[in-house]
Amino acid sequence: IRDRPMPLDRTGKLVSSFGRHTHKDYAKVELQNNGVDFETEPGAQACAVYPGVVSMVIVMDGYKNVVLVRHGEYLTVYAGIERPAVRKGQQVVAGQPLGVIHSDPSDGNRTRLHFEVRHEKQKLNPSEWLR
């Protein structure tokens with residue numbers, strides 16, 4: 001999976017990295033990010049970073065739609081999808097759009113994609129797998 005495209009169809013800014021972080025407003029609160037978060041512009045789409053098969057498209061509280069793509073022993077997770085463009089069982093190629101990322105009107109139309117890489121159940125740092 002190394003040296004693959006970014007999970008966005010256009011430029012984006014990394015706004016939250018993998019691992020444990022101190023909460024921005026509460027110094028004694030730590031948060032765990034199991035992936036990375038990108039901010040981009042409204043209308044942007046999440047894109048597969050490697051060829052695979054869509055193993056699941058589910059709705060999750062706080063994340064809108066979540067698309068999981070299986071690449072052999074690896075999974076990539078794309079959360080924050082407003083309108084999925086793929087369905088379970090569908091083959092995808094690297095760079096293929098998976099769906100439009102949600103823009104939050106109550107937060108200045110902030111458009112944010114949460115992205116994870118897993119080796120089966122083990123959570124990996126996505127920054128080491130992207131260009």
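I need the full set of residues from segment 60-73 which are within 14 Å of the chain's Cα centre (by Cα) and assigned to a strand (DSSP E or B), in order please.
M60, K64, N65, V66, V67, L68, V69, R70
For V29, all conditions in the list (1) out of contact with any strand residue (DSSP E or B) (no Cβ under 6 Å at 6 or more places or on another chain); (2) open to solvent by less than 40 Å² (accessible area, probe 1.4 Å) hold save one; what is the number of the exception?
Among (1) out of contact with any strand residue (DSSP E or B) (no Cβ under 6 Å at 6 or more places or on another chain); (2) open to solvent by less than 40 Å² (accessible area, probe 1.4 Å), the lone unmet condition for V29 is (2).
When segment 34-82 is examined, which residues are found to be hydroxyl-bearing (S, T, Y), closer than 13 Å to G12 by Cβ and in contact with a Lys or Arg (Cβ under 8 Å, 6 or more places away or on another chain)?
T40
Counting only residues that are surrounded by fewer than 17 Cβ atoms within 10 Å (Cβ to Cβ) and among the charged types (D, E, K, R), which one in segment 37-67 is modelled with the lowest pLDDT?
D61
Go through the residues of segment 12-33 one by one and say whether even a single one is part of a loop (DSSP other than H, G, I, E, B), of a type in the set (G, A, S) and over 13 Å from the mean Cα position of the chain (by Cα).
Yes, segment 12-33 contains a residue that is part of a loop (DSSP other than H, G, I, E, B), of a type in the set (G, A, S) and over 13 Å from the mean Cα position of the chain (by Cα).
Report every pair of residues separated by at least 6 positions or lying on different chains whose Cβ atoms are under 9 Å apart, first residue within segment 9-22 and of a type in the set (S, T, N, Q), second open to solvent by 70 Å² or more (accessible area, probe 1.4 Å) and assigned to a loop (DSSP other than H, G, I, E, B).
Correct list of pairs: T11/E41; T22/K28.
On the basis of being of a type in the set (S, T, Y) and under 24 Å from E120 (Cα atoms), does S55 make the cut?
Yes, satisfied.
Of all residues in segment 84-108, count the ones that are hydrophobic (A, V, I, L, M, F, W, C), more than 12 Å from L68 (Cβ to Cβ) and surrounded by 12 or more Cβ atoms within 10 Å (Cβ to Cβ).
Going through segment 84-108 one residue at a time, the tally reaches 4.
Testing R118 on (1) open to solvent by 20 Å² or more (accessible area, probe 1.4 Å); (2) touching a Pro at 6+ places or on another chain (Cβ under 9 Å), one condition comes back false. Which one is that?
Result: R118 fails condition (2) only.
Please list, ordered by residue number, the strands (runs of 3 or more DSSP E) wholly in segment 75-131 having 1 or more residues that are modelled with pLDDT under 95.
Passing ranges, in order: 110-119, 122-124.
What are the residue pairs meeting all of these: first residue in segment 101-116, first residue without any contact (Cβ under 8 Å) to a residue 40 or more places away in the chain, second residue not charged (D, E, K, R), Cβ atoms under 6 Å, and 6 or more apart or on different chains?
Matching pairs, first to second residue: H102/G80.
The values are calculated or read from the model by the stated rules, or taken from the named source; none is laboratory data. This one's a predicted model, so the numbers in the text were calculated from it and none came from an experiment. Glycine gets a Cβ as well: all are built from the backbone with ideal geometry, and neighbour counts include every protein chain shown. Just so you know, the surface numbers come from the protein's heavy atoms only, side chains and all, with ligands and any DNA or RNA stripped out. Shrake-Rupley method; radii C 1.70, N 1.55, O 1.52, S 1.80 Å.
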